[in-house]
Amino acid sequence: MKRVIAAILTVCIASLALGGCAGATTEKTTPAATQSKAEAVSKAGNKKLTVGFAQIGQESGWRDAETASIQFYAGQHVDTIDFKFADAQQKQENQIKAIKSFIEMGVDVIGLAPVVETGWDAVFTEAKDAGIPIVLVDRKAKVSDDLYSTFIGSDFITEGQNAADELAKLLNNKGNVVELEGTVGASAANDRKKGFDDQLAAKYPDMKVIASQTGDFTRAKGKEVMESFLKTYGNKINAVYAHNDDMMLGAIEAMKEAGMKPGKDIKTVSCDGVKGIFQAMVDGEANVTVECNPLLGPQFFETCQKLKAGESVEKWIKSQESVFRADTAAKDLPTRVY
Ligand code: AHR
């Protein structure tokens, strides 16, 4: 069954890539979404749930899996859901434009994975004034509680703490760490950093972060930043902490090109749990991944349905996640969906 889901997700991801990102706020819709709101009724004649989702972009395998999960669910429910999708190409201004257009369309609910935490008050207030609930998906926004209905996603602080504990085990509580941070201002980057730093300060005084720089959650930038860390610090580096697996996969390439053995000379811990990092663990080139669940499509739409029906929802619908290590990677890899 998991293989079937994986195959479907792969198809969704491939079709996303083919769709490209033509405009500043490319709106991709399911066939039903090409109808006007007035026409959005199911075969049975019931009014459909109309949802607009403003995605960040396609920076990582994890994000592609999240998009696929949401689009797959919408595609499976075209008779009851009218879905509008915007790809903001990593730009907050494009997400704001998308939200404004969803407000104009009069959707029932707006979903948003905020690229950064701040700068949302004005547009969220517009949505509130229009009576449209906002659902934050996977990343938080720093706004007052009355401006959004719920946050569906992970505890990034705990992920950062878990990453620190894992690295401490790998380094026997002592060593120099370089850190690849996510997108500047993103809640995933801010909180994974905070959780990690606080844990080091509280429990591991002999572990030091000697350099920390953003790799923007992408493999290409992760590689580029790791190359410069290696040039500056060389053999002084004992471990890499990356805020996502894609950046770590780039860093692994950089280490190998520099003649180092990632996973052995330099220990690795990153966040997400994508298949690529499991393969790297199987190959002995990575040590640990702290899971972060991107398969939020079902929870997202179920929450939208509840909000449309006027039901109350939890303010934080938390994801359940694990930590995966190299010793079980060969067994775990075939079970991974993304
Ligand atoms: O917000 C979740 C983070 O964003 C994931 O760790 C990362 O891969 C993504 O792009």
### Query
So how far apart, in nm, are the two label points at Ala122 and Ser42 if each is 7 Å from Cα heading toward Cβ?
3.9 nm
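Restrict the search to region 180-281; then list the trypsin sites (Lys or Arg not before Pro) that DSSP places in a loop and that have at most 13 other Cβ atoms within 10 Å of their Cβ. Let's see the in-between values first.
Details: sites: Arg192, Lys193, Lys194, Lys203, Lys208, Arg219, Lys221, Lys223, Lys231, Lys236, Lys256, Lys264, Lys267, Lys275; in loops: Lys264.
Taking region 180-281 and a limit of 13 other Cβ atoms within 10 Å, the loop trypsin sites (Lys or Arg not before Pro) found are Lys264.
Using only Cα atoms, figure out Rg for the chain and give it as a multiple of 2.2 N^0.38 Å. The partial results should precede the final answer.
On the way: Rg = 20.5 Å, N = 338, 2.2 N^0.38 = 20.1 Å.
Normalised Rg, Cα atoms only: 1.02.
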### Summary
The base-10 log of I(q)/I(0) that the Debye equation returns for region 236-317 at q = 0.25 Å⁻¹, one scatterer per C-alpha, is -1.10
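Kirkwood Rh, region 137-249, all Cα pairs: how many Å?
Values: mean 1/r = 0.0684 Å⁻¹.
Its Kirkwood hydrodynamic radius stands at 14.6 Å.
Among DSSP beta bridges lying fully in the chain, give the percent that are antiparallel, nearest 5. Can you show the working numbers first?
On the way: 8 of 48 bridges.
The antiparallel proportion sits near 15 percent.
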### Query
What spacing in nm lies between the two simple spin-label points modelled at Val209 and Glu257, each 7 Å away from Cα in the Cβ direction?
2.5 nm
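Highest mean first, what order results for 140-149, 301-310 on Cβ atoms within 10 Å?
Values: 140-149: 15.6, 301-310: 17.1.
Going from most to least packed, we get 301-310, 140-149.
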#### Entry: Exceeding the 21 Å Cα-Cα cut-off - candidates Lys97/Lys128; Lys223/Lys318; Lys97/Lys315; Lys169/Lys236
Lys223/Lys318; Lys97/Lys315
### Query
Which stretch or stretches of region 160-176 have amide N atoms under 12 Å from the point lying 7 Å from Tyr233's Cα along the Cα→Cβ direction?
175-176
### Query
Where both partners of a DSSP beta bridge lie in region 261-338, what percent of those bridges are antiparallel, to the nearest 5?
40 percent
### Message
What Kirkwood Rh does region 203-280 have if only Cα atoms enter the pairwise 1/r average? Answer in Å.
### Response
12.4 Å
### Task
Along Cα→Cβ, 7 Å out, is where each label goes; now give me the distance between the ones at Val78 and Asp155 in nm to one decimal.
4.1 nm
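Please give the contour-minus-distance gain from Ala220 to Asp146: 0.36 nm per residue of separation, less the Cα-Cα distance, rounded to one decimal in nm.
Numbers: separation 74, 0.36 × 74 = 26.64 nm, distance 3.83 nm.
Using 0.36 nm per residue and subtracting the Cα-Cα distance, I get 22.8 nm.
Fully extended, how many nm does the chain gain between Thr328 and Lys264 (0.36 nm per residue separation, minus their Cα-Cα distance)? Intermediate results must be reported in sequence, preceding the final value.
Details: separation 64, 0.36 × 64 = 23.04 nm, distance 1.67 nm.
Residue separation times 0.36 nm, minus the Cα-Cα distance, leaves 21.4 nm.
Every number here is computed from the coordinates shown, using simple stated rules; none is lab data. Everything quoted here is computed from the prediction, not taken from an experiment. Glycine also receives a Cβ, built like all others from the backbone with ideal geometry; neighbour counts cover every protein chain displayed.
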